[in-house]
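Undergrad: Before I ask anything, here is the structure I am working with.
The values are calculated or read from the model by the stated rules, or taken from the named source; none is laboratory data. The structure displayed is predicted, hence computed values, not measured ones. Note: accessible area is taken over every heavy atom of the protein model, side chains too, but ligands, DNA and RNA are not part of it. Shrake-Rupley method; radii C 1.70, N 1.55, O 1.52, S 1.80 Å.
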Amino acid sequence: QVQLVESGGGLVQAGGSLRLSCAASGSIFKINNMGWYRQAPGKQRELVADITSGGTTNYADSVKGRFTISRDNAKNTVYLQMNSLKPEDTAVYYCAADIQPMLLSGTRYYWGQGTQVTVSS
């Protein structure tokens, strides 16, 4: 079994910062891309940022310059540092990872349970 467990969400005022963490655990052979998505009420889930196993990053235009994604491969953990938060960043944030489990030849995308981020104006 593979699990992704997120932490670090909460309520913050506009202009503030939060750091999200997501740890993958279980029978893992290899983790490729890891990323963060978000879904606001009434909107589709969207990619916020992702990072390859080699550290190449990709960001949504709306968060460039404010959010930073990073990962610790030794800990199977991905982070999202969110600075200069805006009310429009309010959403449920989901961690996702492309993982090859032990004893299986293919990979699949695993999702965390989501963590609420609320930014007040």
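Undergrad: Over the chain, what is the relative contact order in percent, taking alpha-carbon pairs closer than 8 angstrom and at least six residues apart?
TA: On the way: 303 pairs, mean separation 43.3, N = 121.
Contact order relative to length: 36 percent.
Undergrad: Using a 1.4 Å probe, what is the accessible area per residue for the chain, in Å²?
TA: Here the residues of the chain average 53 Å² of exposed surface.
Undergrad: What is the total of Lys pairs in the chain with C-alpha atoms under 26 Å apart, excluding same-chain pairs fewer than 8 positions apart?
TA: Eligible lysine pairs with Cα atoms under 26 Å apart amount to 5.
Undergrad: Report the convex hull volume per residue for the range 55-104, counting only C-alpha atoms, in Å³.
TA: 107
Undergrad: Still on this structure: Bin all alpha-carbon pair distances of the chain at 5 Å intervals from 0 and give each bin's fraction as a whole percent.
TA: The distribution over the chain is 2, 12, 23, 24, 18, 10, 6, 3, 1, 0, given as percents.
Undergrad: Accessible area of the chain with a 1.4 Å probe: how many percent of it is carbon plus sulfur?
TA: 47
Undergrad: Which percent of Cα-Cα pairs in the range 1-45 sits in each 10 Å bin, short to long?
TA: 18, 42, 30, 10
Undergrad: Quick one: compute the contact order of the range 1-53, relative version, from alpha carbon pairs under 8 angstrom and 6+ residues apart, as a percent.
TA: Taking the mean separation of contacting Cα pairs over the length of the range 1-53, I get 29 percent.
Undergrad: Which of Lys86, Lys64, Lys43 moves the most in a Gaussian network model of the chain with Cα springs under 10 Å?
TA: Lys43
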